[in-house]
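*Asks:* Sharing a structure below in structure tokens format, with a few things to ask.
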Amino acid sequence: VLLRPVSRNPIDAVWGRDRPRAPAGPIEVHGLEHAGLAAGDKIAAVQKQLREARQHALVLSTTDNICWLLNIRGSDVAHNPVVLAHMVVPATGKPDLFVALDKVTAEARAHLAPLVKTKPPEALPEALAALRATGKPIRLASGSASWWTFRTLGGGRRVVRGPDPCAEMKTVKNATEIAGARTAHLRDGRAVTRFLAWLDRAVAAGPVDEIGAVEQLETLRRETGSLREISFPTISGSGPNGAIVHYRVTRATNRTLGAGELFLIDSGGQYADGTTDITRTVAIGTPSREMAERFTLVLQGMIAISTARFPRGTRGIDLDPFARRALWARGLAYDHGTGHGVGSYLNVHEGPPSISKAGTAELKPGMILSNEPGYYKAGAYGIRIENLLLVGDAEPVEGGDCPVMGFETLTLAPIDRRLIVPAMLSPEERAWIDAYHARVRTELSPGLDRAARTWLAAATARLEP
Ligand SMILES: [Mn+2]
């Protein structure tokens, strides 16, 4: 394959008069009570890095990094609360923000005016050409910037291609963002728990289908009064549809949740204080022995990540096999990463850190990652269990001689006990499940009505001996 640059976008030429207008959602200010760090301080930190590296300016084209840096959010991309924009951050002086001016509300203008010079997107090529004309080194985020941007900056060795400093900084959440994540997960956990309680009642009372489940879960999230948007299209797969990893239900594929089947639901919410992402697999009627055994193997992998202790410098790739060991030992596997980084009221998939074969970024205290091993039997059923985790320093291990880190579980919702085979679990694994369920019950119960509380008490009871 030979790629050749063209001066006109061929996709523009293909579009006819039915081309939708570019999104024009207003810019929202992401307040300090959620961001925890002022945009001016973030810009100063980036500029300090540029001066230390003797680079003249940084060109940003990644929307979530620009939103993080400026403490703004938007609605230009479904489920990702970002603003389509570019930015040039000079080593000293005021940065330029290139964004459609009709998105800049009076509130946004008041917030942005002290921070940046706001310019229309059409001014970008000229600004990049001016940077090129300085002949000084310009930093460009490799891996996300377009070839056009690279060429317009002059290409060659003057363009320093490296990681985006915002990407690194935003993955390590500050104390305000961590507190926000905890609150968001309490709120979201109650909505999910109400959903799971509803589901048990509803499938007993009559047919429930995949779309009906999606609608009920979104309704319950909306009833929190805080939902901005769901964080991705809900994956709602019953029986064989659960085995399709990125399944998205349509009217044509919609299935009734049948007795003796598994139902997998992977969903999340965008709240101003945090982004959530949770998967639960639920038994509809009585599961087969094989389903329960494989669910338990997936659970063992999930617990192995949740309870891992690891030294500084550990990367996601180092931990990924922990989640697979129990499955591999039985000749079973799953073909996706174990976990991804998650934004703070930003993208539900946020790099660079991940727990996967590609997870070469070091795990650092303050990072939020998902933990979502699974197992999929094509044509039959799918299993996935997903909680979000916060990386932190752990208590020193008795007798150990190096400091260790570990995870704190953020997600709060019961894991279906009907699918757990207690005899397969070690005493430590059983203790983890019982402690997790006790915590879920204690933390969620106060905000639930009597019916949901009663359901939750049973769903979080200790495992039978
Ligand atoms: Mn996920």
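*Asks:* Within the range 151-167, can one find any residue that is surrounded by fewer than 20 Cβ atoms within 10 Å (Cβ to Cβ), touching a residue at least 24 places away in the same chain (Cβ under 8 Å), part of a strand (DSSP E or B) and of a type outside the set (Asp, Glu)?
*Replies:* Scanning the range 151-167 turns up at least one residue that is surrounded by fewer than 20 Cβ atoms within 10 Å (Cβ to Cβ), touching a residue at least 24 places away in the same chain (Cβ under 8 Å), part of a strand (DSSP E or B) and of a type outside the set (Asp, Glu).
*Asks:* Separate question: Looking only at the range 187-236, which residues are small (Gly, Ala, Ser) and either within 24 Å of Val82 (Cβ to Cβ) or part of a helix (DSSP H, G or I) (or both)?
*Replies:* Passing the criteria: Gly189, Ala191, Ala197, Ala202, Ala204, Ala205, Gly212, Ala213, Gly225, Ser226, Ser231.
*Asks:* Under 7 Å by Cβ, and 6 or more places apart or on different chains, what pairs join a residue from the range 336-347 that is touching a residue at least 40 places away in the same chain (Cβ under 8 Å) with one that is within 9 Å of the ligand (Cβ to nearest atom) and assigned to a loop (DSSP other than H, G, I, E, B)?
*Replies:* These pairs meet every condition: Gly339/Glu372; Val342/Asp277; Val342/Val348.
*Asks:* Additional query: Just give me the residues in the range 259-271 being in contact with a helix residue (DSSP H, G or I) (Cβ under 7 Å, 6 or more places away or on another chain) and either more than 11 Å from Pro240 (Cα to Cα) or within 16 Å of the ligand (Cβ to nearest atom) (or both), in sequence order.
*Replies:* Leu264, Ile265, Ser267, Gly269, Tyr271 - these are the residues of the range 259-271 that are in contact with a helix residue (DSSP H, G or I) (Cβ under 7 Å, 6 or more places away or on another chain) and either more than 11 Å from Pro240 (Cα to Cα) or within 16 Å of the ligand (Cβ to nearest atom) (or both).
*Asks:* Between a first residue in the range 348-368 that is at negative phi and crowded, with 17+ Cβ neighbours inside 10 Å and a second residue that is of a type in the set (Phe, Trp, Tyr) and not in a strand (DSSP E or B), which pairs have beta carbons less than 7 Å apart while being 6 or more apart in sequence or on different chains?
*Replies:* Val348/Phe232
*Asks:* Is one or more of the residues making up the range 458-465 modelled with pLDDT under 95 and closer than 24 Å to Glu290 by Cβ? Quick ask: steps written out before the conclusion?
*Replies:* Start the filter on the range 458-465 by keeping residues that are modelled with pLDDT under 95, which leaves 464-465.
Restricting the remaining residues to those that are closer than 24 Å to Glu290 by Cβ gives 464-465.
Within the range 458-465, one or more residues are modelled with pLDDT under 95 and closer than 24 Å to Glu290 by Cβ.
*Asks:* Go through the range 103-124 and give me each residue that's in contact with a helix residue (DSSP H, G or I) (Cβ under 8 Å, 6 or more places away or on another chain) and surrounded by fewer than 13 Cβ atoms within 10 Å (Cβ to Cβ).
*Replies:* Pro114, Pro120
*Asks:* Does Leu369 count as in contact with a Ser or Thr (Cβ under 8 Å, 6 or more places away or on another chain) and within 16 Å of the ligand (Cβ to nearest atom)?
*Replies:* When the stated conditions are applied, Leu369 passes them.
*Asks:* Now for a different question. Test Glu107 against the criterion of being farther than 30 Å from Ser231 by Cβ and over 27 Å from the mean Cα position of the chain (by Cα), and give yes or no. First the steps, then the outcome.
*Replies:* Details: farther than 30 Å from Ser231 by Cβ: no; over 27 Å from the mean Cα position of the chain (by Cα): yes.
In short, no.
*Asks:* Which members of the range 342-353 meet the condition of being more than 10 Å from the ligand (Cβ to nearest atom) and of a type outside the set (Phe, Trp, Tyr)?
*Replies:* Gly343, Ser344, Leu346, Asn347, Glu350, Gly351, Pro352, Pro353
*Asks:* Out of everything in the range 272-308 that is within 16 Å of the ligand (Cβ to nearest atom) and part of a strand (DSSP E or B), what residue ends up being nearest to the chain's Cα centre (by Cα)?
*Replies:* Top of the filtered list is Thr275.
The values are calculated or read from the model by the stated rules, or taken from the named source; none is laboratory data. Just so we're clear, the structure is a prediction, and the values are computed from it rather than from any experiment. So basically every Cβ, Gly included, is an ideal-geometry build from the backbone, and we count neighbours across all protein chains shown.
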